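Student: First the structure, which I've put down as structure tokens, then a few questions once you've had a look.
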Amino acid sequence: MSPSVEAALRARIDAEGSIGLDVFMEAANTAYYATGDVIGASGDFITAPEISQCFGELVGLWAAVTWQSLGAPASFNLVELGPGRGTLMADVLRAAVLMPGFGAAAQVHLVERSSSLRHRQRRTLTGREIRWHDSLASLPAGPTLFLANEFLDALPIRQWEFTDRWNERRIAPDGDAFRFVLAPTDRRMPASATAGSIYEDSPAIDAVINELAARLVRDGGAALLIDYGYAQGHGDTLQAVRRHAPVEALAAPGTRDLTAHVNFAAVAATARAAGAGVFGPLEQGTWLRRLGIDLRAEKLAQGKSAQVRESILAGVQRLTDARAMGSLFKVMALAQPSLGALEGFDPKDPA
Ligand code: SAH
């Protein structure tokens with residue numbers, strides 16, 4: 001699939017000499033997600049909501065409690081960014097509607113550009129009115145709860161490499177493939193470096209967080225951001241995955257999932273500068289345990305066969321264990337400035 005995206009990128013490089021990694025990643029991922037159902041055991045990669053329904057149910061509990069602390073508005077936007085197969089939103093709604101009033105108040109909006117994934121989401125979320133958006137720009141005003149799991153990591157990044165000075169790592173053709181080339185830059189980098197150091201940034205993530213935080217400040221609400229990421233340090237975090245295995249990132253654009261770890265320190269700084277409150281980041285395992293995932297799993301497993309019980313507990317283990325997804329994945333919340341506390345976060349958490 002996607003000789004067309006590859007041809008388009010080559011034509012653009014022919015015209016411009018080289019392109020930024022962000023341009024490459026944007027085009028490659030747009031083509032990739034357009035190919036359809038790439039998430040899940042039969043696809044290329046698996047995500048937390050696809051591993052265990054407990055994940056979405058606890059996010060739903062978080063959403064319900066947060067809605068209450070916003071004063072239980074009679075109408076609010078429940079927005080998911082990059083909803084994949086729609087599994088997280090389905091689990092969130094099933095759990096959150098147990099809170100009286102939540103179900104009637106929630107207006108569900110999905111930010112998704114892939115039309116084949118929109119179809120998949122429609123099938124998962126039958127019986128609910130849903131509105132789709134290409135970006136945050138067309139979301140209606142009003143108090144909003146944002147949810148995003150493995151969304152920010154799919155947004156394009158740039159990479160900078162230090163030699164005896166900073167350079168942008170740009171992309172040029174290399175026979176049938178692509179390779180990185182260095183283009184000197186005068187840009188000042190917020191990191192000190194030695195030869196070979198790589199620094200990543202993402203104007204696309206900055207733009208999303210700016211818009212999201214501005215909406216929280218203006219209209220009220222909160223956002224839950226869950227992703228692969230780091231709070232400190234940097235380096236090359238670009239990775240490509242196909243059929244659950246790492247593959248070459250610069251080959252065959254549009255046929256593999258390109259992601260980068262999210263710089264949560266940068267997300268926090270952007271959100272704070274826009275006036276929003278910031279909670280976390282916490283390790284996913286810590287956050288899920290605080291919300292009671294072990295109890296939830298026990299309850300779900302009650303009365304089930306040994307085999308089903310085993311698979312429920314194994315799923316939860318995978319989400320929380322530090323050697324699996326428990327540590328690498330982080331949870332951060334952003335909120336309207338007046339919200340002093342949020343479920344699962346503690347003011348005493350390390351900043
Ligand atoms: N949250 C889901 C899917 C993660 S995959 C899960 O946890 O299973 C990334 C999702 O973000 C996909 O739905 C993809 O189509 C969407 N996406 C990626 N880049 C996007 C962009 N720039 N705008 C809107 N959606 C995007």
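The values are calculated or read from the model by the stated rules, or taken from the named source; none is laboratory data. Since we're looking at a predicted model, the values are computed, not measured. Cβ: placed from backbone, ideal geometry, glycine included. Neighbour counts: every protein chain shown.
Student: Any residue in segment 114-132 that is among the basic types (Lys, Arg) and near the ligand (Cβ under 10 Å from one of its atoms)?
Tutor: Scanning segment 114-132 turns up at least one residue that is among the basic types (Lys, Arg) and near the ligand (Cβ under 10 Å from one of its atoms).
Student: Output the residues belonging to segment 249-265 that are touching a residue at least 24 places away in the same chain (Cβ under 8 Å) and either within 18 Å of SER197 (Cα to Cα) or more than 16 Å from the chain's Cα centre (by Cα) (or both).
Tutor: Answer for segment 249-265, where residues must be touching a residue at least 24 places away in the same chain (Cβ under 8 Å) and either within 18 Å of SER197 (Cα to Cα) or more than 16 Å from the chain's Cα centre (by Cα) (or both): LEU250, ALA251, ALA252, PRO253, GLY254, THR255, ARG256, ALA260, HIS261, VAL262, ASN263.
Student: Grab the helices (runs of 4 or more DSSP H) fully contained in segment 68-157, keeping just those with 2 or more residues being farther than 27 Å from VAL217 by Cα and among the hydroxyl-bearing types (Ser, Thr, Tyr).
Tutor: It comes to 115-124.
Student: Now, a different point. What are the residue pairs meeting all of these: first residue in segment 145-170, first residue under 28 Å from ARG188 (Cβ atoms), second residue aromatic (Phe, Trp, Tyr) and within 12 Å of the ligand (Cβ to nearest atom), Cβ atoms under 8 Å, and 6 or more apart or on different chains?
Tutor: Qualifying pairs under 8 Å: ASP153/TYR228; ALA154/TYR33.
Student: Sticking with this one: In segment 168-207, which residue that is β-branched (Val, Ile, Thr) and assigned to a loop (DSSP other than H, G, I, E, B) is nearest to ASP14 (Cα to Cα)?
Tutor: THR185
Student: Looking at segment 102-113, which of its residues are more than 12 Å from the ligand (Cβ to nearest atom), of a type in the set (A, V, I, L, M, F, W, C) and touching a strand residue (DSSP E or B) at 6+ places or on another chain (Cβ under 8 Å)?
Tutor: Once the filter is applied, which keeps residues that are more than 12 Å from the ligand (Cβ to nearest atom), of a type in the set (A, V, I, L, M, F, W, C) and touching a strand residue (DSSP E or B) at 6+ places or on another chain (Cβ under 8 Å), segment 102-113 yields ALA105, ALA106, VAL108.
Student: Okay, moving on. Just checking, which of GLY344, GLY285, GLY315, GLY292 is in contact with a Gly (Cβ under 8 Å, 6 or more places away or on another chain), at pLDDT 95 or above and more than 30 Å from GLU161 (Cα to Cα)?
Tutor: GLY285
Student: Let me ask another. For residues that are surrounded by fewer than 21 Cβ atoms within 10 Å (Cβ to Cβ) and small (Gly, Ala, Ser), scanning just segment 230-267, find the one that is modelled with the lowest pLDDT.
Tutor: The residue in question is GLY233.
Student: Among the numbered criteria (1) surrounded by fewer than 17 Cβ atoms within 10 Å (Cβ to Cβ); (2) more than 11 Å from the ligand (Cβ to nearest atom), which one does PRO143 miss?
Tutor: (1)
Student: Looking at GLY56, is it part of a loop (DSSP other than H, G, I, E, B), in contact (Cβ under 8 Å) with a residue 12 or more places away in the chain, within 11 Å of the ligand (Cβ to nearest atom) and not hydrophobic (A, V, I, L, M, F, W, C)?
Tutor: no
Student: Return the total of residues in segment 26-42 being surrounded by 20 or more Cβ atoms within 10 Å (Cβ to Cβ) and either more than 10 Å from the ligand (Cβ to nearest atom) or small (Gly, Ala, Ser) (or both).
Tutor: Residues in segment 26-42 being surrounded by 20 or more Cβ atoms within 10 Å (Cβ to Cβ) and either more than 10 Å from the ligand (Cβ to nearest atom) or small (Gly, Ala, Ser) (or both): 3 in total.
Student: If you check SER69, SER18, SER75, which single one turns out to be of a type in the set (Gly, Ala, Ser) and over 22 Å from LEU339 (Cβ atoms)?
Tutor: SER18
Student: Give GLU211, GLU200 a once-over and let me know the one that is within 27 Å of TYR33 (Cα to Cα) and surrounded by fewer than 16 Cβ atoms within 10 Å (Cβ to Cβ).
Tutor: GLU211
Every residue, every condition in (1) more than 14 Å from the ligand (Cβ to nearest atom); (2) in contact (Cβ under 8 Å) with a residue 12 or more places away in the chain; (3) under 15 Å from the mean Cα position of the chain (by Cα); (4) crowded, with 22+ Cβ neighbours inside 10 Å, yes or no:
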site: ALA48; (1), (2), (3), (4): no, yes, yes, yes
site: LEU61; (1), (2), (3), (4): yes, yes, no, no
site: LEU70; (1), (2), (3), (4): yes, yes, no, no
site: VAL79; (1), (2), (3), (4): no, yes, yes, yes
site: LEU88; (1), (2), (3), (4): no, yes, yes, yes
site: ASP91; (1), (2), (3), (4): no, yes, no, no
site: ALA96; (1), (2), (3), (4): yes, yes, no, yes
site: MET99; (1), (2), (3), (4): yes, yes, no, no
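Student: What do you reckon, is TRP160 more than 9 Å from the ligand (Cβ to nearest atom), of a type in the set (A, V, I, L, M, F, W, C) and more than 29 Å from VAL217 (Cβ to Cβ)?
Tutor: yes
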